[in-house]
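Student: First the structure, which I've put down as structure tokens, then a few questions once you've had a look.
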Amino acid sequence: MRKGDLLRRRVEDVELTPSKDLSAMVAAMGRGGGFTAKKIAVGSEILRTMFRRGACTRFLSFPAALMATGARGILRGLVERKLVDAVITTCGTADHDLARVWAPYYHGDFEMDDVALHRLGVNRLGNVLVPNESYGVVLEKKIQPMLRALWNEGKKSLSTKELLWEFGRRAASRSSLLWWAWKNRIPVYVPAIFDGAVGYQLWAFWQDHKDFAIDQFRDEAELADLVFDARETGALMIGGGVSKHHTIWWNQFRGGLDYAVYVTTAPEWDGSLSGARVREGISWGKVQEDASQVTIEGDATAILPIMIAAALGRSR
């Protein structure tokens, strides 16, 4: 196995392009029934309603792994088109979004020899290959100068939203979700900001700049204002963990989400938040009793392009 043979096919984003034909197909899936197919159709209809209701404050939550795949283009497209009002995610979203601005990721396989990959300096994320030079190395090279510039400009205490907007602005790439978030003033909140490569870069910078601080209370204050001021709220949630929980946690303080579409691969029987179906959130007051809601079991990299394109392509 040679590194050059592995790193031949670059990962490319799936672009968000509405298709009337695809919409018709998804509508037919709904009419025809089926197991996951019908749920995709229901989810598409809920999203279509959310996207078109001006009174609805829309949340997007997802874990970082999707940003290493072509689904990055779908998620970026939602921010670019202002179809969501806030993003709640994990630190790795910043890792992968920024790293892919500066270096490529590559196609791999789930069954590859991980010992051999490690010796070659290639990390495997499912069936995506992330060479060291495309991840930790490039992030340190690019982020440390950004942090020094912020420090020299007197910006020594930032919320995660402010920090990620600054990273997106300075990355200056239309391929970046963070750049579009900055441009469109859509907040991106990361409650677990230190759990990733970007978080490590913050810690490393702090070693010599002890007055540097991440003020997450400002993020929480903004989230409180979002939910308390909202007439309606809806969420597209992919996967569980802190991003999903922070979304439904804050929405419980206004009586729960009015609309909820959740995509997961986790089983319900293990008691995890990832496995918890949306209906479980009703018992906690995190989802309205009469909410329009659906849980779709399956791989979001396959489901999202179909469901969102169908939601955007419907003419009525």
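The values are calculated or read from the model by the stated rules, or taken from the named source; none is laboratory data. Keep in mind that this is a model prediction, so the values were computed, not measured. Don't worry about glycine lacking a Cβ; one is built from the backbone with ideal geometry, like all the others, and counts go over all protein chains shown.
Student: Among the residues of region 269-306, how many are modelled with pLDDT of 95 or more, more than 19 Å from Arg58 (Cα to Cα) and among the acidic types (Asp, Glu)?
Tutor: Matching residues across region 269-306 total 3.
Student: Quick check: anything in region 95-103 under 19 Å from Ile238 (Cβ atoms) and of a type in the set (Asp, Glu)?
Tutor: yes
Student: If I filter region 84-111 down to residues being free of Cβ contacts under 8 Å to residues at least 40 places away in the same chain and among the hydrophobic types (A, V, I, L, M, F, W, C), which single residue comes out as surrounded by the most Cβ atoms within 10 Å (Cβ to Cβ)?
Tutor: For region 84-111, the residue satisfying everything is Ala103.
Student: Which ranges mark the helices (runs of 4 or more DSSP H) fully within region 1-82 that have 1 or more residues being surrounded by 17 or more Cβ atoms within 10 Å (Cβ to Cβ) and touching a Ser or Thr at 6+ places or on another chain (Cβ under 6 Å)?
Tutor: Once the helices (runs of 4 or more DSSP H) in region 1-82 are filtered for at least 1 residues that are surrounded by 17 or more Cβ atoms within 10 Å (Cβ to Cβ) and touching a Ser or Thr at 6+ places or on another chain (Cβ under 6 Å), what remains is 20-32, 36-52, 71-80.
Student: Of the residues Asp258, Asp229, only one is in contact with a Gly (Cβ under 7 Å, 6 or more places away or on another chain) and either at pLDDT 95 or above or under 14 Å from Ser292 (Cβ atoms) (or both); which?
Tutor: Asp258
Student: A further question on this structure: Hey, does region 145-158 have a residue that's crowded, with 18+ Cβ neighbours inside 10 Å, touching a Lys or Arg at 6+ places or on another chain (Cβ under 9 Å), touching a residue at least 40 places away in the same chain (Cβ under 8 Å) and within 27 Å of Ile88 (Cα to Cα)?
Tutor: yes
So that you can scan it fast, the table gives a plain yes or no per residue for (1) of a type in the set (D, E, K, R); (2) touching a helix residue (DSSP H, G or I) at 6+ places or on another chain (Cβ under 7 Å); (3) modelled with pLDDT of 95 or more:
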{"position": "Glu140", "(1), (2), (3)": "yes, yes, yes"}
{"position": "Leu147", "(1), (2), (3)": "no, yes, yes"}
{"position": "Trp151", "(1), (2), (3)": "no, no, yes"}
{"position": "Gly154", "(1), (2), (3)": "no, no, yes"}
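Student: Name every residue in region 217-245 that is over 13 Å from the mean Cα position of the chain (by Cα), under 13 Å from Lys286 (Cβ atoms), touching a residue at least 60 places away in the same chain (Cβ under 8 Å) and not in a strand (DSSP E or B), in order of residue number.
Tutor: Answer for region 217-245, where residues must be over 13 Å from the mean Cα position of the chain (by Cα), under 13 Å from Lys286 (Cβ atoms), touching a residue at least 60 places away in the same chain (Cβ under 8 Å) and not in a strand (DSSP E or B): just Val227.
Student: Turning to a different aspect of this structure: Which of the numbered conditions does Ile186 fail, given that it passes all the others? Conditions: (1) touching a residue at least 60 places away in the same chain (Cβ under 8 Å); (2) buried (at least 18 other Cβ atoms within 10 Å of the Cβ); (3) within 26 Å of Tyr106 (Cα to Cα).
Tutor: The single condition Ile186 does not satisfy is (3).
Student: Let me ask you something else. Does any residue of region 224-231 turn out to be touching a Leu at 6+ places or on another chain (Cβ under 7 Å) and not basic (Lys, Arg)?
Tutor: So far as region 224-231 goes, no, none of its residues is touching a Leu at 6+ places or on another chain (Cβ under 7 Å) and not basic (Lys, Arg).
Student: Also, I was wondering about something else. For region 246-303, which residues satisfy the criterion of being surrounded by 15 or more Cβ atoms within 10 Å (Cβ to Cβ), among the hydroxyl-bearing types (Ser, Thr, Tyr), under 22 Å from Val227 (Cα atoms) and out of contact with any helix residue (DSSP H, G or I) (no Cβ under 6 Å at 6 or more places or on another chain)?
Tutor: Thr247
Student: Go through (1) outside any loop (DSSP other than H, G, I, E, B); (2) under 28 Å from Gly73 (Cα atoms) for Arg148 and report which single condition fails.
Tutor: That leaves (2) as the condition not met.
Student: Now a separate question. Would you confirm whether any residue within region 237-252 is farther than 21 Å from Thr295 by Cβ and out of contact with any Lys or Arg (no Cβ under 8 Å at 6 or more places or on another chain)?
Tutor: Within region 237-252 (the criterion being farther than 21 Å from Thr295 by Cβ and out of contact with any Lys or Arg (no Cβ under 8 Å at 6 or more places or on another chain)), the answer is no, since none of the residues qualifies.
Student: Using the structure shown, decide if Leu139 is crowded, with 19+ Cβ neighbours inside 10 Å, in a helix (DSSP H, G or I) and over 22 Å from the mean Cα position of the chain (by Cα).
Tutor: When the stated conditions are applied, Leu139 does not pass them.
Student: Within region 259-298, which residues are acidic (Asp, Glu) and outside any helix (DSSP H, G or I)?
Tutor: Restricting attention to region 259-298, the residues satisfying the condition of being acidic (Asp, Glu) are 268, 270, 280, 289-290, 297.
Within region 259-298, Glu289, Asp290, Glu297 meet the criteria.
Student: Output the residues belonging to region 112-133 that are under 17 Å from Asp13 (Cβ atoms) and surrounded by fewer than 23 Cβ atoms within 10 Å (Cβ to Cβ).
Tutor: Leu125, Gly126, Asn127, Val128, listed by residue number.
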